[in-house]
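Participant: Below is a structure I'd like to ask you about.
Bear in mind that the values in this text are calculations on the coordinates, not laboratory data. Please read these numbers as outputs of a predicted model, since none were measured by experiment. Here the Cβ positions follow ideal geometry from the backbone for every residue, glycine too, while neighbour counts run over all protein chains shown.
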């Protein structure tokens, strides 16, 4: 059985080249085999991207066995996982996991840190809404429309709010410029971990929106992220053409507004998808259910989750509403 191992520390490793002719082209594959060493066991702890990323790593390298654990599961069983880290050759984690209350990675043999992929270029209107520091759920889970939130807090009705979803208002709120800003931020975030994601962003963008929401990337993004990580760490990454199941496609999907998508040269829609459902929701239905959700709270208690970009955009929206 072939196993793929790290390029570094070449002793006791054999490099095989397999070449064959297909349609007149010579194709070559290289396999790194470590002799007399057992398979490495890793544990990957991240957010909702955990399973797609772990499955991608597994597809790219047969010499590793990966245990995926999302942050929600980790928080429910912190003590159990703390005690298990010593049994893994590598612990891969994000900042969100590392800062979990009670987390203790002192027993880990090797710790490796990765970023979480987030990108608001296609969905600049998404916001998490809190009330008394607790997240509130709307028609498609935790994702809310910032325009709907600010409109509700300013006393607009559903019809008045619907009329705000237009190019002119998006431009005034800075929505039309987010793709460029977000792409630079994403590249910078990954470079902080010595990961170069820029060549892949260009490829992703050629095939339409590569995000389902601000923190739910399509599977190709996670596959390429896994590839970049493995290569950076010195492990072989062999692309067979297979891809893992795109689990996030079954989750909530936020609309890419047509005016924004047109500006980016991709298709857009005012249709939303709810988790575990194949029935789409129109913008009018989304707004109606959003307002019903907001009605359960005092308007003054509804606040956006204080992410720096979100607060900057929120203030721009409030300023526009004062003009309206």
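Participant: What FRET efficiency comes out for the pair residue 80/residue 320, r = Cβ-Cβ distance, R0 = 45 Å, nearest 0.05?
Facilitator: It comes out at approximately 0.40.
Participant: Taking the 0 to 90 degree range and rounding to the nearest ten, how far is the long axis of helix 308-323 tilted relative to the main principal axis of the chain, both from C-alpha atoms?
Facilitator: Compared with the principal axis, the helix lies near 20 degrees.
Participant: Percent of alpha carbon pairs in segment 157-227 separated by more than 14 Å?
Facilitator: 69 percent
Participant: Return the percentage of antiparallel bridges among DSSP beta bridges fully within the chain, rounded to the nearest 5 %.
Facilitator: Rounded to the nearest five, the antiparallel share is 65 percent.
Participant: For segment 45-107, treating each Cα as an identical point scatterer without solvent, what Debye log10 I(q)/I(0) comes out at q = 0.20, 0.30 1/Å?
Facilitator: -0.77, -1.40
Participant: Find the Rg to Rh ratio for segment 62-193, where Rh is the Kirkwood radius over alpha-carbon pairs and Rg uses the same atoms.
Facilitator: Rounded to two decimals, Rg/Rh equals 1.10.
Participant: May I have the pair-distance distribution P(r) for segment 216-324, computed from all Cα-Cα distances with 5 Å bins from 0 and rounded to whole percent?
Facilitator: In order of increasing distance, the bins hold 2, 8, 10, 13, 19, 16, 11, 9, 5, 4, 2, 0 percent.
Participant: Rounded if a/c is under 1.5, else prolate if a/b beats b/c, else oblate: with a ≥ b ≥ c from the C-alpha gyration tensor eigenvalues square-rooted, which is segment 248-289?
Facilitator: In terms of gyration-tensor shape, oblate.
Participant: Take every Cα pair under 8 Å in segment 88-156 that's 6+ residues apart, average their separations, divide by the length, and report that relative contact order as a whole percent.
Facilitator: 24 percent
Participant: How large are Rg and Dmax for the chain when only the alpha carbon atoms are used, in Å?
Facilitator: 22.6, 72
Participant: Using just the helices of the chain, give the 222 nm mean residue ellipticity in deg cm²/dmol: DSSP H runs with n ≥ 4 each add -39,500 (n - 2.57), and the total is spread over all residues, rounded to 500.
Facilitator: Rounded to the nearest 500, the figure is -10500 deg cm²/dmol.
Participant: Let me ask something else. By how many degrees, between 0 and 90 and to the nearest 10, does the Cα long axis of helix 219-232 differ from the longest principal axis of the chain?
Facilitator: Result, in degrees: 40.
Participant: At R0 = 51 Å, how high is the FRET efficiency between residue 73 and residue 262 if r is their beta carbon distance? Nearest 0.05 is fine.
Facilitator: The formula returns an efficiency of 0.80 here.
Participant: Just round it to a whole percent: the fraction of Cα-Cα distances in segment 175-268 exceeding 16 Å.
Facilitator: 61 percent
Participant: Can you give the relative contact order of the chain as a percent, counting alpha carbon pairs under 8 Å and 6+ residues apart?
Facilitator: 20 percent
Participant: Determine the distance separating the Cα centre of segment 189-222 from the Cα centre of segment 158-180; give it in Å without decimals.
Facilitator: 24 Å
Participant: Let me ask another. What is the gain in length, in nm to one decimal, between residue 41 and residue 158 on full extension, counting 0.36 nm per residue of separation less the C-alpha to C-alpha distance?
Facilitator: So the extension gain works out to 36.8 nm.
Participant: To the nearest 10 degrees, how steeply does helix 50-60 sit against the main Cα axis of the chain, on a 0 to 90 scale?
Facilitator: Result, in degrees: 30.
Participant: Given N residues in segment 119-159, what is its alpha carbon radius of gyration divided by 2.2 N^0.38 Å?
Facilitator: Taking the Cα Rg and dividing by 2.2 N^0.38 Å, one obtains 1.22.
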